[in-house]
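Colleague: First the structure, then my questions, so here it is.
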Amino acid sequence: MKKEDCIFCRIVTGEIPADIVFRTERALAFRDINPQAPLHFVVIPKDHVETVSQLSNEFMLALGDIFRLTGILAGSFGVDQKGFRIVFNEGPDAGRTVPHAHFHFLAGRPLHWPPG
């Protein structure tokens, strides 16, 4: 997929509106439009990376920002002590629907194991 066709890249540029809750130099967190928990955020690298096999050293810096954002989200929404889940889906069998590497932050209710 081309970067200009990617819905998450278009959110990064502001072309598509999203309820952005936090951003860093390399990552962005916004509310999921189909939440699966009371707190459900999508956390993405600002640069377009489709799959795990395309990860580069530069993405590792974004990954640091992504995990820093999950900690900020947990503290800001008061779930850092109760718990939260970070999910990364890779490929269609895992349920990934947007071909841009991203994490789901879920919290605000008991999250059972195993998932789905």
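The values are calculated or read from the model by the stated rules, or taken from the named source; none is laboratory data. Owing to the predicted nature of the structure, the values given are computational and were not obtained by experimental measurement. Every residue, glycine as well, gets a Cβ built from its backbone with ideal geometry; the counts of neighbours run over all protein chains shown. These area figures cover heavy atoms from the full protein model, side chains too; ligands, DNA and RNA do not enter into them. Shrake-Rupley method; radii C 1.70, N 1.55, O 1.52, S 1.80 Å.
Colleague: Once neighbouring chains are kept in place and the probe is 1.4 Å, which whole percent of the accessible area of the chain is contributed by carbon and sulfur? Mind dumping the intermediate values first?
Modeller: Values: 3680 of 6850 Å².
For the chain, the apolar C and S fraction of the accessible surface comes to 54 percent.
Colleague: Largest first, how would Asp19, Asp65 line up by accessible area (1.4 Å probe)? Could you put the intermediate results ahead of the total?
Modeller: Working: Asp19 80, Asp65 15 Å².
Result, largest first: Asp19, Asp65.
Colleague: Shifting gears a bit: Between Ala94 and Asn57, how high is the FRET efficiency from 1/(1 + (r/R0)^6) when r is the Cβ-Cβ distance and R₀ = 35 Å? Nearest 0.05.
Modeller: 0.90
Colleague: Taking square-rooted eigenvalues a ≥ b ≥ c of the alpha carbon gyration tensor, is the chain rounded, prolate or oblate, where a/c under 1.5 means rounded and, failing that, a/b exceeding b/c means prolate?
Modeller: Working: a/c = 1.55, a/b = 1.37, b/c = 1.13.
It comes out prolate by the Cα gyration axes.
Colleague: Pick from Ala94, Ala27, Ala74 the residue whose mean-square fluctuation is largest in a GNM of the chain, springs joining Cα atoms under 10 Å.
Modeller: In the Gaussian network model the winner is Ala94.
Colleague: Where only protein heavy atoms count, and the probe is 1.4 Å, what is the accessible area per residue for the chain in Å²?
Modeller: Details: 6850 Å² over 116 residues.
Heavy-atom accessible area per residue stands at 59 Å².
Colleague: Okay, next question. Going by a ≥ b ≥ c, the root eigenvalues of the Cα gyration tensor, does region 32-81 fall in the rounded group (a/c under 1.5), the prolate group (a/b larger than b/c) or the oblate group?
Modeller: Values: a/c = 3.28, a/b = 1.64, b/c = 2.00.
In terms of gyration-tensor shape, oblate.
Colleague: What angle do you read, to the nearest 10 degrees and between 0 and 90, between the alpha-carbon axis of helix 57-76 and the longest principal axis of the chain?
Modeller: 30
Colleague: Contact order normalised by length for the chain, with contacts defined as Cα pairs under 8 Å and 6 or more residues apart; what percent is it? Let's see the in-between values first.
Modeller: On the way: 169 pairs, mean separation 34.0, N = 116.
Worked out over the chain, it gives 29 percent.
Colleague: To the nearest 20 debye, what is the magnitude of the charge dipole of the chain about its Cα centre, counting +1 on the Cβ of each Lys and Arg and -1 on the Cβ of each Asp and Glu?
Modeller: 320
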